[in-house]
1. Among Cys95, Cys24, rank each residue by its count of other Cβ atoms within 10 Å, from fewest to most, as a rough exposure measure.
2. Could you pull out every residue, at least 5 positions away or on a different chain, whose amide H is within less than 5 Å of the one on Leu9? Hs are placed 1.01 Å off N in the peptide plane, and Pro or chain starts have none.
3. Which of the three applies to the chain, rounded, prolate or oblate, going by the alpha-carbon gyration tensor with a ≥ b ≥ c and a/c under 1.5 meaning rounded?
4. Which order do peptides 40-51, 2-13 fall in by mean Cβ count within 10 Å, highest first?
5. Using θ = phi - 60° and the Karplus curve 6.51 cos²θ - 1.76 cosθ + 1.60, what whole-Hz ³J(HN,Hα) does each residue of the range 78-88 get, with Gly and Pro shown as x?
6. Amide H neighbours of Glu50 under 5 Å, counting only residues 5+ apart in sequence or on other chains, H built in-plane at 1.01 Å?
7. Counting alpha carbon pairs within less than 8 Å and at least 6 residues apart, what relative contact order, in whole percent, applies to the range 6-157?
8. Return the loop-located GluC sites (Glu not before Pro) in the range 84-128 (DSSP other than H, G, I, E, B) with at most 12 other Cβ atoms within 10 Å of their own Cβ; answer none if there are none.
Amino acid sequence: MQDHSVVTLGVADISGVMDLERLCFRTHWTREQFLLGLERKAFRILGIQERGVLIAYCAFSVIAGEMEIMNIAAHPFHRRKGLGARLLSEVLRLCRAEGVAEGFLEVRRSNAGAIDLYKKFGFMQTGTRKNYYPDNKEDALLFRLGFQDGQDKGLNAQSSPKES
Ligand SMILES: CC(C)(COP(=O)(O)OP(=O)(O)OC[C@H]1O[C@@H](n2cnc3c(N)ncnc32)[C@H](O)[C@@H]1OP(=O)(O)O)[C@@H](O)C(=O)NCCC(=O)NCCS
């Protein structure tokens, strides 16, 4: 079985993050956006590597006690192996340790897999942004997780590790 430990990514890992972004999203951030964000510590990126290649990552910010999931993705060949859950679990563990009060994210209405993942960890839908995504005018669903109001499902939400 592969070691799929979660590691903190830095500037040297941006190329791998961008490769995954291109594979996983219709619109992506530029190298400069990643570079500036990391250098200014506007967000953090956690990743999972296999034989030195990045196969999953999650970018998130923590500002004034509020966490926001900016992006989470697993390589198409490595989906449904628990990588997304492992990353999200680690982000939420860090948030608990840092006393973060709330977590937020937005997701395309059609993204049933990601929505299922978020709900497993206790995120609850709080609203909708109509026609939010410029490429196809799809709605964004807004989700929130309150760390101190019993929503946080903690480690119970983590998918059991699966063989790769
Ligand atoms: C969303 C994404 C990150 C999930 O990553 P993953 O590593 O495949 O997810 P996991 O294997 O950890 O799945 C954990 C749980 O999430 C849910 N889930 C994940 N993908 C799913 C899918 N395609 N269909 C239904 N449920 C899904 C399931 O509840 C799953 O648990 P299970 O496998 O025990 O049923 C991945 O599908 C992806 O990269 N998608 C493209 C990028 C994207 O849309 N990101 C989200 C932006 S908001």
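1. So the residues, fewest neighbours to most, are Cys24, Cys95.
2. Residues meeting the criterion, in which the H sits 1.01 Å from N, are Ile45, Leu46, Gly47.
3. Details: a/c = 1.25, a/b = 1.11, b/c = 1.13.
Rounded, since a/c falls under 1.5.
4. On the way: 40-51: 16.5, 2-13: 13.7.
So the peptides 40-51, 2-13, ranked by packing, come out 40-51, 2-13.
5. 10, 8, 6, 10, x, 5, x, 5, 5, 5, 4
6. Amide H neighbours of Glu50, under 5 Å, 5+ apart: Ile55.
7. 18
8. Here the sparse-neighbourhood loop sites are Glu98.
Computed from the coordinates by the stated procedures, all read-outs in this text should not be read as laboratory data. Model, not experiment: these values are computed from the prediction. Neighbour counts run over all protein chains shown; Cβ positions are idealised from the backbone, glycine included.
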